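Visitor: Mind having a look at this structure? Questions to follow.
Computed from the coordinates by the stated procedures, all read-outs in this text should not be read as laboratory data. If you're wondering where the values come from, they're calculated on a predicted model, not measured in any experiment.
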Amino acid sequence: MQELLLDVVLEHATADEPVCVPSPAVAAVLLEHGWKVLAGQIVDQPDAVFHGVVLLDDELGIAGEQAEGLLAEASRVLRPGGLLVVGVRSRLYAAALDLGGSAGSSPRAFSADELAHALGHRGFGVEVLAAPGAAAGLRGVRRAYDPALDREPGLLDAGEFLVAIARWAPDEHTRSTRFFASLPRKLVAASVVCHNDAGQLLMVHDSFRGHWTLPGGVVDANEDPREAAEREAWEEAGVRVKAGRVAGVFAGSWPDRVVVVYQATPLEEVANPEPIHRHEVDQVKWMSLDEAIRSVPPQVAFQITRSVRQPGGSWQF
């Protein structure tokens, strides 16, 4: 594992100040190339501050579920802007050869996204991410590092190993920025189940999707979801509503989103509502619950029935 990974490091990084290298074999090679190396485990350096930490002997994989803790230890001994080098086994490669990598006694393996996420979550900025030997493997020739192709996103999960060269945050603001950038991005939408005095539901016909649905849409930046639900009811159905309690929270996978559905009542009765945003909605109608459920796709029917019959819950759909 170490030979190809070291090729990447020696191609893209240098160190003329002390670096912590837990692996004696890796330390020996780096010493030969002029690096200033202090061999030893990170935990054995409680008060030291290093220019870099080099973990090329699958230390993260061996740490398993404690890999993030090892990254935290690395950040503890690094000076601001310090160098971190890590090498891990590719998760797809391990899975293809049934080498484990996710549980049990086998070392943990990582996809390129998982490794980049783990580093960003701890405040490291990735400068180089490569799968050394991936391009050569596809050509069927002797494994060697190709500095151009082995860093291509499409090849990062095609190699046996991954190597990342990253920098510890120079300040708290940068660390926080990288942390928040590593968090999941979910789309948030808000809808209403709005009943009139006759107990009918306010429904709109989405002209783009071509089906009936609840009034609702994406919550804008810095917008209260409840206010978004009220806004969407006006824009799509032409009815001013007051959103009340949460009727249901629904998590969907495509796109990755959360839909908050509110109970609502009209501020005034509108017998024949008309949409304000006619480019989005071409029909508005008050429907009985049974008619609404018959008129909508299964996922919308699921939201309606849960919101009306089991209000206040949360579901995956």
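Visitor: Rg(Cα) of the range 1-89 divided by 2.2 N^0.38 Å? Please list the in-between numbers first.
Guide: Numbers: Rg = 11.9 Å, N = 89, 2.2 N^0.38 = 12.1 Å.
Against the empirical 2.2 N^0.38 Å value, I get 0.99 for the range 1-89.
Visitor: HN-Hα J couplings of the range 227-240 from phi, Karplus 6.51/-1.76/1.60, θ = phi - 60°, integer Hz, Gly and Pro as x?
Guide: For the range 227-240, the Karplus curve yields 5, 5, 4, 5, 4, 5, 4, 6, 5, 8, 10, x, 10, 7 Hz.
Visitor: Where both residues lie in the range 2-182, what percent of DSSP beta bridges are antiparallel, nearest 5? Can you show the working numbers first?
Guide: Working: 13 of 24 bridges.
So the antiparallel bridges in the range 2-182 amount to around 55 percent.
Visitor: From the square roots a ≥ b ≥ c of the eigenvalues of the alpha-carbon gyration tensor of the range 187-316, which class results: rounded (a/c under 1.5), prolate (a/b over b/c), or oblate? Display every interim value, and only then the final one.
Guide: Details: a/c = 1.25, a/b = 1.17, b/c = 1.07.
Judged from the Cα gyration tensor, the range 187-316 comes out rounded (a/c under 1.5).
Visitor: Using DSSP, restrict attention to beta bridges with both residues in the range 187-316 and report what percent are antiparallel, rounded to the nearest 5.
Guide: Values: 23 of 35 bridges.
Antiparallel bridges make up about 65 percent of those DSSP assigns within the range 187-316.
Visitor: Note the per residue figure in Å³ for the convex hull of the C-alpha positions in the range 124-192.
Guide: Working: hull volume 8.4 nm³, N = 69.
About 122 Å³ per residue, rounded to a whole number.
Visitor: Still on this structure: Using Cα positions and a limit of under 27 Å, work out the lysines in reach of LYS242, with same-chain residues fewer than 8 apart set aside.
Guide: Result set, ordered by chain and number: LYS186, LYS285.
Visitor: Return the ratio Rg/(2.2 N^0.38 Å) for the chain, where Rg is computed over Cα atoms only. It would help to have the intermediate numbers written out before the result.
Guide: Values: Rg = 27.4 Å, N = 317, 2.2 N^0.38 = 19.6 Å.
With N residues counted in the chain, Rg over 2.2 N^0.38 Å equals 1.40.
Visitor: By its C-alpha gyration tensor, with a ≥ b ≥ c as the square roots of the eigenvalues, how is the range 191-238 shaped: rounded for a/c under 1.5, else prolate for a/b larger than b/c, else oblate? Don't skip to the end; give the middle numbers.
Guide: On the way: a/c = 2.64, a/b = 1.26, b/c = 2.09.
The shape class here is oblate.
Visitor: Then there's this: Antiparallel DSSP bridges in the chain: what percent, to the nearest 5? Mind showing how you got there, number by number?
Guide: Details: 36 of 59 bridges.
Around 60 percent antiparallel, to the nearest 5.
Visitor: Quick one: P(r) of the range 78-195 from all Cα-Cα pairs, 10 Å bins, percents rounded to integers, in order of increasing distance.
Guide: It works out to 13, 34, 30, 15, 6, 3, 0, in whole percents.
Visitor: What is the chain's relative contact order, in percent, from Cα pairs under 8 angstrom and six or more apart in sequence? Mind showing how you got there, number by number?
Guide: On the way: 695 pairs, mean separation 41.7, N = 317.
Answer for the chain is 13 percent.
Visitor: Quick one: pull the percentage of alpha-carbon pairs in the range 2-182 with a separation above 21 Å. Write out the running numbers ahead of the final one.
Guide: Values: 7578 of 16290 pairs.
Of all Cα-Cα distances in the range 2-182, 47 percent exceed 21 Å.
Visitor: Divide by every residue of the chain the summed helix terms, -39500 (n - 2.57) for each DSSP H run of at least 4, and state the resulting mean residue ellipticity at 222 nm, rounded to the nearest 500 deg cm²/dmol.
Guide: Details: 11 runs with 101 residues, N = 317.
Roughly -9000 deg cm²/dmol at 222 nm, from the helical runs in the chain.
Visitor: Further question: Taking the Cα centre of each part, how many Å lie between the range 1-52 and the range 133-177?
Guide: Taking the Cα centre of the range 133-177 as reference, the centre of the range 1-52 is 18 Å away.
Visitor: What does the C-alpha gyration tensor say about the overall shape of the range 110-151? Classify as rounded when a/c is under 1.5, otherwise prolate if a/b is larger than b/c, or oblate. Can you show the working numbers first?
Guide: Details: a/c = 4.43, a/b = 2.55, b/c = 1.74.
Note, shape of the range 110-151 comes out prolate.
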